[in-house]
Every structure is written in structure tokens, then in C-alpha cells.
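Okay, so here's the structure we're looking at.
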Amino acid sequence: MKHFLAIKDIDSIPDWVSQARTLKENPVALKELGAGKAICLLFFNHSLRTRLSTQKAALNLGMDVMVMNFGTEGWQLEFEDDVVMDQGKSEHIKEAAKVVSQFCDIVAIRAFASLTDKEKDEAEVVLNGFTKHASIPVVNMESSVAHPLQALADAITFAEKNKKNKPKVVLSWAPHPKALPHAVANSFVQMMQLQDANFVITHPKGYELNPEITKNVQIEYDQKKACENADFIYVKNWSSYSEYGKILSQDSAWMMTSEKLGNAKFMHCLPVRRNVVVEDAVLDGEQSLVIEQANNRTYAAQLVLKKIVDEITKNLKAPPLRRGEVDSFHRNEDGGV
Ligand code: CP
């Protein structure tokens, strides 16, 4: 694994969850693994959990950590090629990514969707700018369309708390005063499709997620019906995908309540607005898993960093190719002769 950008970079959810749970049992068992290695965490947007858990994960592996609030403290970056940079942007991603690559061994990026330009957001301009121009592995700490570290933490929490063979899991939209991105919901849906579960999404009409992502998932527009007999209810707001970035409803009837929750466990990635998205009684109740989800962010990140450091170390140990092997390598790269 060179980069960790999306759920597709996880080759086996059960294996990764099991490995993360082993790390959780003794988080500092691999304190020597990352010695002499450094990670840069670059934030183009706010964070509490991602920032601290990724930092903690790196420290648990003995890595050095540099954190930069790039959005407020870095130079404004240009991502387009062939532009005359005579406006507000001071530095091109080509130089910035190469410079960052000299200071650390892994770079992790948080860069949310603009929610104003679907095409640009789906092109993952910032994340892909770094993967294209950096010479080191890149980790996604929530991009325009994906939050795989959150989904991996959710998979760990789900495995820890699930007692059934084929549990019913509901992803429910909830109201919110601000337009929020689709990244958490997208990655949760992709992760749940790899689980042995009866998975249902519920939201008001007009809030359908990207159909490429939800193509095999049942959608139920009646929230109460969707929540009946659920074992886990994951609540999240997102803005409209079809009317890109718009708030189409703030209907408080969609707020999660104890009544709708029933006997299900409550999940949310946090931060959450109390008594808008979910009522106090749910968040403060014993069925809420939100604090454990946040705790598991450390072990999700630690597993990802461990895998990348293992790969870096393996490549460092690999003997250099000899002359004949170099020629054969290049011939194969071109399709083989
Ligand atoms: N869930 C999550 O990513 O939290 P932060 O935005 O606080 O990092």
C-alpha cells in the first residue's frame, strides 16, 4: 500500500479490524517501529478527533509529528497547470508537495469539499495534487468525497459491539443548519457494503447520495420504518448531492430520538449538534457509542501508519536492481516484450 486514500485501499476489512484491535490491546508495543520517521499532518480545515488521534497514533509508533494548519497558515496553493500566477495564490502544488516530501516520510491531508463545484470536488484537487506531486505516501484525513480513517474506526467499533450474525444497520440523515459534505456518509456506505449486515439508508427525498456509491443499498424514505428493529443506527447530516451542496430540508422530525433509536446502538462520527441532529437523551444514554468511535480513531490511524511504515522499511531493505533486471523491469513496464 503506497497511499491510504479510500476504502478501496483496505484489502480486507475483517483482517484490518482484527489487526487494529490487536494494536489497541497494547498501543505502544511497536514504539520502536517508527523511530527516525516523521509524519506531516496538513489541515486545510478544522479538526479535533482526526488531528489528535492521528498524532497519537504516530506517537504510539515512535514517529515524529509535525502539524500545520495549512488553510490558515500556509501559502495559498495553486493546483491548476499552465497558469499565470499573478492573482492571490502564492505557491504551486508542484513545489509545495515536493518540499513537504523532503521534511517527512508520510504526509496526511485534510481538505474538505467546497460544496460549490461538484466536478472539482470529485476530482479531489488537493488530495490528488499531493499524491501526484509528493514523493512520499499520502494519507487521507478526510477529503472532498471520502473519510476512510473514520469508516475504519467505525468498522472497529461495529466489530467490538456487534453480537449478531446479520445485524440491521441504518444510516440515517438528520437535520443541520449548515451544508455539510458527503465524505463520512460515502465511506461509511462503502465500508458497510463489505460487512455481513442488513444495511438500510434513510433520508428525505432529494438527499440521495452519489448513486455510484449507494447502487446496491436499500433506501427507505420513512425514517421510523427504517429504524424499526435496528441494531445500529448511524446518524449523519449531509447536503444534497443532486442539487449539489444545497440544504433542502431542516425538518426537525428527522432528529434522532430515544423513541426512534429503540434498542439500537447509536453511532455518529462527531462533532454533533445536540438537540438538532440528536437529542440529549440519546447522546447521554448507554446505547451511545460516539466516545468509543472517537477512541478507535487512534487505532485505525495507527494501523494505517504501521502498514505504510512497514512498506517503507521493506522497500529500504530491498536490494537494488542489477543492470539486467533494470532492463527487464523497464521492458515489462512498457507492456513486456
Ligand atoms: N470525525 C472527525 O473527523 O472529527 P474531526 O472533524 O474533529 O476531526
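We did not get these values from a lab; they are worked out from the coordinates using the rules stated. Nothing here was measured: the structure is a model prediction, and the numbers come from that model. Reconstructed Cβ throughout: ideal geometry from the backbone, glycine too, with neighbour counts over all protein chains shown.
Things to note:
- Rounded Å value of the spacing that divides the Cα centres of the stretch 175-245 and the stretch 43-105: 31 Å
- Which of Gly34, Pro177, Ser242, positive extreme of dipole for the chain (C-beta unit charges): Gly34
- The relative contact order of the stretch 136-275, computed from alpha carbon pairs under 8 Å that lie at least 6 residues apart in sequence, is 28 percent.
- In loop segments of the stretch 65-105 as defined by DSSP, the GluC sites (Glu not before Pro) with at most 13 further C-beta atoms inside 10 Å of their C-beta are Glu80.
- Average projected area [Cα convex hull, the stretch 143-272], square nanometres: 7.3 nm²
- Helix axis angle, 49-60 relative to the chain longest principal axis, alpha carbon, degrees: 50 degrees
- Relative contact order computed over the chain (Cα-Cα under 8 Å; 6+ residues apart), in percent: 19 percent
- Candidates Asn162, Asn315, Asn140, ranked by Gaussian network fluctuation over the chain, Cα under 10 Å, top entry: Asn315
- q = 0.16 Å⁻¹, the stretch 1-79: log10 I(q)/I(0) [Debye, one scatterer per Cα]: -0.79
- Signed unit charges on C-beta, dipole axis of the stretch 1-79, positive-most listed residue Asn45, Phe70, Leu23: Leu23
- Each Cα pair under 8 Å and six or more residues apart adds its separation to the average, and for the stretch 212-329 the resulting relative contact order is 21 percent.
- Only Lys, Arg, Asp and Glu carry charge here, each on its Cβ (+1 for the first two, -1 for the last two); on that basis the chain has a dipole of about 880 debye about its Cα centre.
- Largest-first ellipsoid semi-axes for the stretch 210-277, taking √(5λ) over the Cα gyration tensor eigenvalues, angstrom: 21, 17, 12
- For the chain, fraction of C-alpha pairs farther apart than 30 Å, in %: 40 percent
- Of Lys98, Lys265, Lys163, the one that fluctuates the most in a GNM where the chain has Cα springs shorter than 10 Å: Lys163
- Positive dipole terminus of the stretch 41-137, leading residue within Phe130, Met85, Ile109 (C-beta point charges): Ile109
- The long axis of helix 183-192 is offset from the longest Cα principal axis of the chain by roughly 80 degrees.
- About its Cα centre, the stretch 83-175 has a charge dipole of approximately 600 debye under the convention of +1 per Lys or Arg Cβ and -1 per Asp or Glu Cβ, with nothing else charged.
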